[in-house]
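Notes follow once the structure below has been shown.
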Amino acid sequence: MSYERLAKQIIEEVGGKENINSVIHCVTRLRFKLKNESLANKETIKNLDGVMTVVISGGQFQVVIGEHVSKVFAEVTKLIGKAPEDVDTEETTEKGSIFSRFVSLISGIFMPVMGVMAAAGILKGFLVALTVLGWMSEEMGVYKILFVASDGFFYFMPILLGFSAGKTFKTNSYITATVGAALVYPTMVEMYNAGEALSFLQIPVVLMNYTQSVVPIILAAFFVAKLEKVLLKIIPKSLQLIFVSLIILVIVVPLSFIVIGPISVYASQLLADGAMALYSLSPVITGLFLAGVWQIAVMFGLHWAFIPIMINNITTIGFDPINGLLYCTVFAQTGAALAVALKAKQTKLKSLSTTASISGFLGITEPAIYGVNLPLKRPFIMACIGGGLGGAVAGFFSAKMYGGFASGGVFGIPMFIDPEGLSAQFYGFALSLLISLATAFVLTLLFGYTKEIAEKQEEKKSA
């Protein structure tokens, strides 16, 4: 595949570089923000060699590439001559429903950090597994250093999310990161742990621990963006370099400790309590429904709305049951693709489904969904059924994710081990993965990729 050629074709078919406001990429997709989406030739792009499909969601025109997306992205940015941050604020004002704009906002904040977040979470999970099995001690130097590597992201998450939120809100990301740093400054954390009192200009400050928090820095970054716009209008340009940042820090940092932070923490706790209340009504039914439709939500980018809830659960109550229900869906899609790989006669489809199965076990489902299961239709349905059954089993055993965030695949499994030790909860979670995989695999073998479907595929190939 010529990445340069594919990049040229994509740019041309989205309306040319003049129609591109910005472009970023995730694990498998190029995510464009276009000035005029009607100028993009969706069907033409879907049929390009090297493109799996096109999804329009959350204000983004998403071109699904697969594992080679970073290489195509590199060629795209060369050709359009601007980096993702070189965007005119006025041109990129989000349009659409409130929910669509919210999903776009959340994805913009979390997408840049998802890779390292998943890596840190997986490492933390492996450390838990090694200590539970007695293969490593918390007193060992190797454990302490690797724990710092895994926990550093989550401990200082307000700084990293502050930087990412600054970019998303189109404000000075170094200011928002500095606000995040103030929230987790060691002196403030020590005062909170010691139960000390603090006031600011005679105003009492409700000290809280903002390490690993999500909501406070996002709200603070939003406030920074609004305040910066006002200051840029009223402060002379010759004084803006220093005084805009100075005034923002003097106002926003105290405001974050006095108002934004406490309100956010209480709101975060209410959100976690609400999520747990819904979950506790019937974990089995919740798992059956959510896991059954989860990959459909992923296709349309709606899963981003759940990411803050999952992370918030970890930071407020120490575990997250939602990802415990949904983790099996990756294995369901993988099982369906694996069945196609075994039954397919076409060399191209067999190769694609085999590669997609390997990617699926590593937690990347786009090749399986867009390259195999969805085009064939029935395997995707069988995978949804398998995911639903797995989710119900996970709900029955109260599966939970602990201490981090895992995005999918076999390497994230240790994240679901209780730090207190192995229990029926974890074994039930592992069973949910096997049931999802096996159900989708068997159903696809029997009903999802029949002899008739295979013959139709051969007819299409020869047509």
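Quick notes on this structure:
- Helices (runs of 4 or more DSSP H) within the stretch 291-352 that include 1 or more residues basic (K, R): 328-343
- A count restricted to the stretch 251-280 and to residues that are among the small types (G, A, S) and under 27 Å from L227 (Cα atoms) stands at 5.
- The stretch 207-241 - residue that is closer than 24 Å to I309 by Cβ and outside any helix (DSSP H, G or I) and, of those, farthest from the chain's Cα centre (by Cα): M208
- S357 out of contact with any His (no Cβ under 8 Å at 6 or more places or on another chain), in a loop (DSSP other than H, G, I, E, B) and small (G, A, S): no
- Within the stretch 153-188, the set of residues being farther than 26 Å from A119 by Cα and either crowded, with 22+ Cβ neighbours inside 10 Å or β-branched (V, I, T) (or both) comprises T171, I175, T187.
- Restricting the stretch 162-191 to residues that are of a type in the set (S, T, N, Q) and out of contact with any Ser or Thr (no Cβ under 8 Å at 6 or more places or on another chain), the residue that is farthest from F102 (Cα to Cα): T187
- Check on L227, modelled with pLDDT of 95 or more and in the same structural domain as S173 (by TED's automatic domain parsing): yes
- Within the stretch 361-416, considering residues that are buried (at least 23 other Cβ atoms within 10 Å of the Cβ) and of a type in the set (D, E, K, R), the one nearest to V69 (Cα to Cα): E366
- K46 meets each of the listed conditions (1) at pLDDT 80 or above; (2) in contact with a Lys or Arg (Cβ under 9 Å, 6 or more places away or on another chain); (3) not hydrophobic (A, V, I, L, M, F, W, C) apart from (2).
- Scanning the stretch 134-176 for residues being of a type in the set (S, T, N, Q), out of contact with any helix residue (DSSP H, G or I) (no Cβ under 6 Å at 6 or more places or on another chain) and within 19 Å of T315 (Cα to Cα) gives a total of 0.
- Given (1) under 30 Å from I369 (Cβ atoms); (2) surrounded by fewer than 16 Cβ atoms within 10 Å (Cβ to Cβ); (3) hydrophobic (A, V, I, L, M, F, W, C); (4) not assigned by TED's automatic domain parsing to the domain that holds V372, number of the condition L271 does not satisfy: (2)
- Test: residue in the stretch 303-324 that is over 30 Å from N209 (Cα atoms), in contact (Cβ under 8 Å) with a residue 40 or more places away in the chain and either buried (at least 16 other Cβ atoms within 10 Å of the Cβ) or touching a Phe, Trp or Tyr at 6+ places or on another chain (Cβ under 9 Å) (or both): no
The values are calculated or read from the model by the stated rules, or taken from the named source; none is laboratory data. Please read these numbers as outputs of a predicted model, since none were measured by experiment. Every residue, glycine among them, receives a Cβ derived from its backbone with ideal geometry; neighbour counts consider all protein chains shown.
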